């Protein structure tokens, strides 16, 4: 599948400029590019069909399956609840990437004691 345009909806805080976000975004773009329909065709073609039965035609599965498998191969967590860096629940996702253990790229400032 081809990415024609990317529109950023929210771009605030230090994470938007972090290495982790650049890597995550790159993995998402790579996963989109791997989506093929029909499988093995090397392209993504939508075929108009009416009255299709389950498992036939163009559904969400051809897009989702290839996308999720690509991310799974790169260590993403599959199918389940996700939390942000603060431990707040974000709901269930098909795929979620973990927060890096070394969060030195965050904008948090260290408190220093007066000498």
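List of remarks:
- The test for being part of a strand (DSSP E or B) and either farther than 28 Å from residue 12 by Cα or modelled with pLDDT under 85 (or both) holds for residue 82.
- Hits in the stretch 17-33 (condition: in contact (Cβ under 8 Å) with a residue 12 or more places away in the chain and under 17 Å from residue 6 (Cβ atoms)): 24, 27, 28, 29, 30, 31, 32, 33
- Conditions (1) modelled with pLDDT under 85; (2) within 17 Å of the chain's Cα centre (by Cα); number of the one not met by residue 48: (2)
- Consider the stretch 59-93 and keep the residues that are in contact with a helix residue (DSSP H, G or I) (Cβ under 7 Å, 6 or more places away or on another chain) and surrounded by 13 or more Cβ atoms within 10 Å (Cβ to Cβ). The one that is nearest to residue 40 (Cα to Cα) is 66.
- Evaluation of residue 35 against (1) modelled with pLDDT of 90 or more; (2) more than 11 Å from the chain's Cα centre (by Cα); (3) surrounded by 15 or more Cβ atoms within 10 Å (Cβ to Cβ) (one fails), failing number: (1)
The values are calculated or read from the model by the stated rules, or taken from the named source; none is laboratory data. Model, not experiment: these values are computed from the prediction. Here the Cβ is made from the backbone with ideal geometry for all residues, glycine too, and neighbour counts use every protein chain on show.
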